[in-house]
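Chemist: The structure under discussion is supplied below as C-alpha cells; questions concerning it will follow.
Bear in mind these aren't lab numbers, they're just calculated from the coordinates by the rules spelled out. On a predicted model such as this, the values are computed, not experimentally measured, just so you know. For neighbour counting, all protein chains shown are included, and Cβ atoms are generated from backbone atoms with ideal geometry for every residue, glycine included.
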C-alpha cells in the first residue's frame, strides 16, 4: 500500500514538472533537443511500470503516462462497504439505531428537541433495552403488590435489599442481578449499560425524588423489567405553572415516553385531583396503558363493583383525547366474596396475565409506536422553529397565530399516524415559544427534513409490519394464577426430567456368548418358540453384539460423591 502511495505521489510531481516545462519557451535548438530527449527518457522510465486488469504491477514500454495514471487511480479507488440492516435479516429493533442516528438525530439536535420537550430523546440502549413496565397509581392502591404478584415474591422485592425502603419518594427500576445492589445519586453515572441512565439528569439532589436502579435476583427480571413509583399526591404533582425543572413530574414524563407498558393502579377511594393531572399525560400513550381498579376483594356485591368501574371509566374518558382505554378489575390479596364477582374479576386477571405472557412479542409494536411519536414531535418542532426564524428575519412579532399553527400542521398531514398525533399534541405548537430558547432557534435544513419525511412515509411502515409478523414469544417464567391465593404448578411439559437409571452397553466376550446361548435355549424351550424363527436369530445377534449394565440413581450419586 505504501509503494502504491509513493508511485502516485511521483506521478503527480512529474505531471507538475511537465506543465512547468511546457510553459517555458526554449531559446536555443540545443536546449530544445536536450529537453526533448530528457522527456523521452523520463517517459520511458515512467511507462515501464503499470497495472494489469488484476491490479498487479507489470513492466511494459510504449504506454502513455496519462492512461497509466488513470488505471492506477481506478485500481485503488476506495469503495465503501454497504451496511445491511434489513429488519427481516437482523431483527426489528437491531435495525433501528443506524436509521435513528443518521436520519433523526440531525433534525433533533439542530432544533433543540430535548431542551424544548424537557426530555432526553432516545439512544441506542433504550431502543435495544429489555421490555419494561411502569407501575403508577394513587396511595395504598396496590402498585407494589402488583409487582410482587407478578414476580411471585411473597416477602416482597424490597426484602432483597432493605435500604430501598428508605427512599419511598423515588422511582425504582428493578433489573436482574445475582448480587443485590441499589444505585442512586452520582453512582448512576457509572451504570453505562442502564437504558434510563440519561433520564437521571432530572433527579433531585440528596433525598429528593430520584430515578434509582435496584438489582435483585428475581427470575422474571431476566425477561422483563419493572419500574415502581411513589404514590400520586398533590405535593408530587403541583399545578403546571409551578412545575420544577427536576423531580417527579419530569422523571415520570420521560419514562412514560420510553416504557413499553404502563399499569395505572387505583381504587374507588382514590378518585382525586392527582388522577386528573396524570391521565392527560398518559393520553397520547393510551395504546400501552392498562387501568386497574384494584382491591376488588373489598366488594360485598357485584352491583357495587360494576358501579365503581363505570365511575372510573367515565373519569378516564373525559380526560383522554383519543383511543379506547383498557380497564380491568383486579386484586392481589384477600378473597372474593361471591361467585359472580369471582368469575368477573378472574376473567380480568386472566387478561392481565395474558398481556404479560405475550409481552416479549407485543412490546416491540408498542416501542415502535412510541418512537414514531418521538419522530413526529421532532419534525413538528423543526417546522415551528423554521416559522419563528422566518418571522425573526422579517422583524415580525415572534408569536404563532392559529393560522400559522394550522399551516405547520398541514406539513404533517401526509405522514402516517399524524392525525392521532395532532389530536394528542395539539398544545405543542401553542406552547412552542414558552418551551424553547429563542436565541437557539434555527431554520431547518430541507435535505434533513426530506430524509426524515421519506423515512416516516416509506421505511417505517415496513419496519412496523415486520414487527407484527415476527413469531410470538412467550414468557418462560412461570407466572402466577388469576387467584393470588393459589400457587401455580408445573404442567407435564414443564416438569423437569429426573434420571432414575442409566444403561451402559459394553462388548461381550466368547464365554459370555456361550452362556447367553444356553440361556436362550432355556428361554425358547419354556416359551415353546421355534429356534428357527427370524426373531430368535435377531435376538441372538443383538445379544452377541452388546451387553447392558444398569446404574441406578443411588449408584450415580455415590459415584459423584466419590469424585468430589
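Chemist: Give me the percent relative contact order of region 149-293, please, defined on Cα pairs under 8 angstrom at least 6 residues apart.
Modeler: Once divided by the residue count of region 149-293, the mean separation gives 25 percent.
Chemist: What ranking do 359, 226, 99, 548 get, fewest neighbouring Cβ atoms within 10 angstrom at the top?
Modeler: So the ranking, lowest neighbour count to highest, is 548, 99, 359, 226.
Chemist: Can you sort 274, 337 so the residue with the fewest Cβ neighbours within 10 Å comes first? Can you show the working numbers first?
Modeler: Numbers: 274 20, 337 16.
In order of increasing Cβ crowding within 10 Å: 337, 274.
Chemist: If each residue's Cβ is checked for other Cβ atoms within 10 Å, how do 483, 228 rank with the fewest at the top?
Modeler: Fewest to most other Cβ atoms nearby, the residues stand as 483, 228.
Chemist: Separate question: Specify whether the C-alpha gyration tensor of region 131-358 places it in the rounded, prolate or oblate class, a ≥ b ≥ c being the square roots of the eigenvalues: rounded for a/c under 1.5, otherwise prolate if a/b is larger than b/c and oblate if not. List each step's numbers first, then the result.
Modeler: On the way: a/c = 1.91, a/b = 1.34, b/c = 1.42.
Oblate.
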